[in-house]
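**Student:** Okay, handing you the structure first.
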Amino acid sequence: MDNNVVKVHDRYFEPFIPEATIQREVKRIAGEMNHDLASHDPIFLGILNGAFMFASDLYKQLDFPCQITFLKLASYSGTQSTGSVKQLIGINRELKDRVVVVLEDIVDTGVTLETIIRQLSGFEPADIKVATFLHKPDATIREVKLD
């Protein structure tokens with residue numbers, strides 16, 4: 001078996017996007033954020049576990065003071081979406097009047113992101129933006145705005 005193959009549950013995966021391509025795209029996204037968000041005192045909200053590496057790589061490229069925290073949700077059983085979202089680890093920062101940037105690794109159905117945005121709205125942020133590394137539009141059943 002190839003050393004690059006990773007087994008998750010009963011499925012095998014090979015790298016699809018080269019690391020250099022990933023880092024180039026993360027740098028591009030960070031460049032947009034450096035331009036658009038530097039004066040807004042944003043707080044970044046990484047969605048665990050999937051967005052951890054994306055959030056980490058992105059955060060290292062930001063050149064303005066900002067905070068990052070994480071939210072853990074569950075909507076999958078194995079490799080299949082359950083269609084419902086259960087909050088596991090909550091928000092521990094003040095979000096009122098802050099720009100909140102949700103960092104997601106993959107947006108597929110949109111169900112999880114829709115729930116996150118609805119919950120975040122209750123904290124009265126100034127704005128909620130979404131940054132995702134990958135989007136699977138063919139799987140989308142809930143439309144959410146991706147920034």
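**Student:** Of the conditions (1) within 18 Å of LEU146 (Cα to Cα); (2) modelled with pLDDT of 90 or more, THR69 clears all except one; give me its number.
**Tutor:** Only one criterion is unmet by THR69, namely (1).
**Student:** Turning to a different aspect of this structure: Does ILE128 count as surrounded by fewer than 17 Cβ atoms within 10 Å (Cβ to Cβ), in contact with a strand residue (DSSP E or B) (Cβ under 7 Å, 6 or more places away or on another chain) and part of a strand (DSSP E or B)?
**Tutor:** Values: surrounded by fewer than 17 Cβ atoms within 10 Å (Cβ to Cβ): no; in contact with a strand residue (DSSP E or B) (Cβ under 7 Å, 6 or more places away or on another chain): yes; part of a strand (DSSP E or B): yes.
It is false that ILE128 is surrounded by fewer than 17 Cβ atoms within 10 Å (Cβ to Cβ), in contact with a strand residue (DSSP E or B) (Cβ under 7 Å, 6 or more places away or on another chain) and part of a strand (DSSP E or B).
**Student:** Of all residues in the range 131-145 being open to solvent by less than 60 Å² (accessible area, probe 1.4 Å) and over 14 Å from LEU58 (Cβ atoms), which is modelled with the highest pLDDT? It would help to see each step written out before you state the result.
**Tutor:** Taking the range 131-145 and keeping what is open to solvent by less than 60 Å² (accessible area, probe 1.4 Å), we get 131-133, 139-140, 144.
Checking which are over 14 Å from LEU58 (Cβ atoms) leaves us with 139-140, 144.
Details: ALA139: 72, THR140: 70, VAL144: 83.
If we take residues in the range 131-145 being open to solvent by less than 60 Å² (accessible area, probe 1.4 Å) and over 14 Å from LEU58 (Cβ atoms), then VAL144 is modelled with the highest pLDDT.
**Student:** Being assigned to a loop (DSSP other than H, G, I, E, B), at pLDDT 85 or above and surrounded by fewer than 18 Cβ atoms within 10 Å (Cβ to Cβ) is the filter here, so list the residues in the range 84-108 that pass it. Walk me through it before giving the result.
**Tutor:** To start, the set of residues in the range 84-108 that are assigned to a loop (DSSP other than H, G, I, E, B) comprises 90-98, 108.
With at pLDDT 85 or above added as a condition, the list becomes 94-98.
Within the range 84-108, GLU94, LYS96, ASP97 qualify.
**Student:** Mind listing whichever residues of the range 37-70 are surrounded by 14 or more Cβ atoms within 10 Å (Cβ to Cβ) and in a helix (DSSP H, G or I)?
**Tutor:** Of everything in the range 37-70, those that are surrounded by 14 or more Cβ atoms within 10 Å (Cβ to Cβ) and in a helix (DSSP H, G or I) turn out to be LEU37, PHE52, MET53, PHE54, ALA55, ASP57, LEU58, TYR59, GLN61.
**Student:** Looking for something of a type in the set (Asp, Glu), open to solvent by 40 Å² or more (accessible area, probe 1.4 Å) and not in a helix (DSSP H, G or I) - is there at least one such residue anywhere in the range 16-35? Before you say what the answer is, go through the steps one by one.
**Tutor:** Step one: list which residues in the range 16-35 are of a type in the set (Asp, Glu), which gives 19, 25, 32.
From what's left, open to solvent by 40 Å² or more (accessible area, probe 1.4 Å): 19, 25, 32.
Among the residues that remain, those that are also not in a helix (DSSP H, G or I) are: none.
Checking the range 16-35: not a single residue is of a type in the set (Asp, Glu), open to solvent by 40 Å² or more (accessible area, probe 1.4 Å) and not in a helix (DSSP H, G or I).
**Student:** Now for a separate question. If a residue has to be out of contact with any strand residue (DSSP E or B) (no Cβ under 8 Å at 6 or more places or on another chain) and open to solvent by less than 80 Å² (accessible area, probe 1.4 Å) to count, how many in the range 3-15 make the cut?
**Tutor:** Residues in the range 3-15 being out of contact with any strand residue (DSSP E or B) (no Cβ under 8 Å at 6 or more places or on another chain) and open to solvent by less than 80 Å² (accessible area, probe 1.4 Å): 1 in total.
**Student:** Further, regarding this structure: For the range 109-125, how many residues are surrounded by fewer than 13 Cβ atoms within 10 Å (Cβ to Cβ) and either modelled with pLDDT under 85 or assigned to a loop (DSSP other than H, G, I, E, B) (or both)? Before the answer, list the steps.
**Tutor:** Taking the range 109-125 as the starting set, the residues that turn out to be surrounded by fewer than 13 Cβ atoms within 10 Å (Cβ to Cβ) are 118, 121-122, 124.
Filter once more, so that each one left must be either modelled with pLDDT under 85 or assigned to a loop (DSSP other than H, G, I, E, B) (or both): 122, 124.
The number of residues fulfilling the criteria is 2.
**Student:** Within the set of pairs 6 or more residues apart or between chains, which connect a residue that is under 20 Å from SER56 (Cβ atoms) inside the range 2-31 to a residue that is at pLDDT 90 or above and assigned to a loop (DSSP other than H, G, I, E, B) with Cβ atoms less than 6 Å apart?
**Tutor:** Once the first residue is under 20 Å from SER56 (Cβ atoms) and sits in the range 2-31, its partners that are at pLDDT 90 or above and assigned to a loop (DSSP other than H, G, I, E, B) give ALA30/LEU62.
The values are calculated or read from the model by the stated rules, or taken from the named source; none is laboratory data. Everything quoted here is computed from the prediction, not taken from an experiment. Cβ coordinates were reconstructed from backbone atoms using ideal geometry, including for glycine residues, and neighbour counts include every protein chain displayed. All accessible areas refer to the heavy atoms of the entire protein, side chains included, with ligands and DNA or RNA removed. Shrake-Rupley method; radii C 1.70, N 1.55, O 1.52, S 1.80 Å.
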